[in-house]
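Taking it in order: structure first as structure tokens, then the write-up.
The values are calculated or read from the model by the stated rules, or taken from the named source; none is laboratory data. Source: prediction; values computed, not measured. Using ideal geometry, Cβ is built from the backbone for each residue, glycine included, and neighbour counts are taken over all protein chains shown. Ligands, DNA and RNA are excluded from the accessible area calculation, which covers all protein heavy atoms including side chains. Shrake-Rupley method; radii C 1.70, N 1.55, O 1.52, S 1.80 Å.
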Amino acid sequence: FNTRLSACGSEEERRAVLAEMAAHGVAPNVVTFNTRLSACGSEEERRAVLAEMAAHGVAPDVVTFNIRFKARGENLERVWESMAAASVRPDGVTIATVFMALLRWREPRRGARVALLRRVLETATHRNVNGVVVVNGAKAICRLLPDKEQLRALEALVAQARGGT
């Protein structure tokens, strides 16, 4: 059913597959909800899928959060905090996805971007995530930051990450 769900082109088709699953006594799992989540076009749709996921007692996994980080319109800080609250460990894909999201983030508060970047770098360093991903992502974002003090602090974190590889 999950494979069929991923091939659906509309919410109407997805609902039909979900109804068929229910008729056969097949409960949706995290793959079902991640498939639906990746098809969402708006934050409102993502919230509805996440609420339904919680109502079914299905816990999010790292893929759930990677999808959310990749989605436009998500509050990256909130997603990072909810991932930590769910005790889901970020992986290399998570770190790379967050870096890409930070590069396109149009957050007017530059400090919020820097704060999240620091949290991601610290997590990546402590979790021994591929140092190349960490270093390249941090370098790319450092180029966006005009404040010399922030840049020096981030470069120190990059150097720390390099030492961990």
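A few points about this structure:
- Selected residue [under 28 Å from Arg118 (Cβ atoms) and of a type in the set (Asp, Glu)] from Glu45, Glu77, Glu20: Glu77
- Ala54 vs. criteria open to solvent by 70 Å² or more (accessible area, probe 1.4 Å), among the aliphatic types (A, V, I, L, M) and out of contact with any helix residue (DSSP H, G or I) (no Cβ under 9 Å at 6 or more places or on another chain): yes
- Residues that are assigned to a helix (DSSP H, G or I) and out of contact with any Ser or Thr (no Cβ under 6 Å at 6 or more places or on another chain), drawn from the range 1-15: Thr3, Arg4, Ala7, Glu11, Glu12, Glu13, Arg14, Arg15
- Looking only at residues in the range 23-51 that are basic (Lys, Arg) and open to solvent by less than 30 Å² (accessible area, probe 1.4 Å), the one that is farthest from Arg4 (Cα to Cα) is Arg46.
- Selection within the range 57-96 - open to solvent by 60 Å² or more (accessible area, probe 1.4 Å) and either modelled with pLDDT of 95 or more or on the phi < 0 side of the Ramachandran plot (or both): Gly57, Ala59, Val63, Lys70, Arg72, Arg78, Glu81, Ala84, Ala85, Arg89, Val93
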